[in-house]
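Worksheet for the structure shown next.
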């Protein structure tokens, strides 16, 4: 996580998650405030990159602040997995 310098930009690990179908659904389930915080972190990081700057060390993201999206992503994956399992109690005629 820290080797790429994302934490120096104030980004969390889940901010960099590939937004596939499951991730997009998980993002929809985030509380609005969490989604807005994510958006602000990404915008700030882009701005810092353009200026070739990093945050002051006391503003760096700590690994303990991660992850915020994982519980929602796991929920989406469980739901999709449950939909794929055949219902053994229903017999089609």
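Every read-out reported here was derived from the displayed coordinates using simple, explicitly stated rules and does not represent laboratory data. The structure displayed is predicted, hence computed values, not measured ones. Quick reminder, even Gly has a Cβ in these numbers, built from the backbone with ideal geometry, and neighbours come from all protein chains shown.
Taking 0.36 nm per intervening residue step and subtracting the Cα-Cα distance, what contour gain separates residue 65 from residue 48 on full extension? Could you put the intermediate results ahead of the total?
Details: separation 17, 0.36 × 17 = 6.12 nm, distance 2.03 nm.
Roughly 4.1 nm would be gained on extension.
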*Inter-label distance, nm, simple model (7 Å from Cα along the C-beta direction), residue 82/residue 21*: 1.8 nm
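Dividing the Cα radius of gyration by the Kirkwood radius, what Rg/Rh value follows for the chain?
Taking Rh as the inverse mean 1/r over Cα pairs, Rg/Rh reads 1.18.
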_Defining a contact as two alpha carbons under 8 Å apart and six or more residues distant in sequence, what relative contact order in percent does the chain show?_
45 percent
*Packing-based order for 7-19, 23-35, using average beta carbon neighbours within 10 Å, highest first*: 7-19, 23-35
*Taking every pair of alpha-carbon atoms in region 37-81, give the share separated by more than 16 Å as a whole percent.*
56 percent
